[in-house]
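Worksheet: the structure to be examined is printed underneath.
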């Protein structure tokens, strides 16, 4: 398993392959990232798989609401 990268260069093989999740996106009460500057598709996938796994282990149905803000 590859480590999460805090940043990768767009339009490179690493951007498409390596999970990038900037740690500053995690907040006390939610999580916020700007795609593709702060998180990329492999990062979103890794985050979703990890969160879903933890929810199932805790006996919580893995249903999550996702929103966006265009401010």
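Odds and ends about this structure:
- Crossing angle, helix 41-57 versus the chain [Cα axis fit, 0-90 degrees, rounded to tens]: 20 degrees
- Structure-based [θ]222 nm, the chain - -39500 (n - 2.57) summed over DSSP H runs of at least 4, per residue, nearest 500: -9500 deg cm²/dmol
- Computed lengthening from residue 41 to residue 9, 0.36 nm per intervening residue step minus Cα-Cα distance: 10.2 nm
- Difference of contour (0.36 nm per residue) and Cα-Cα distance, residue 32 to residue 68: 12.1 nm
- Most to least packed among 15-22, 28-35 [average Cβ atoms within 10 Å]: 15-22, 28-35
Just so you know, all these numbers are worked out from the coordinates, no wet-lab data involved. None of the values given here were measured: they were computed from a predicted structure. Cβ: placed from backbone, ideal geometry, glycine included. Neighbour counts: every protein chain shown.
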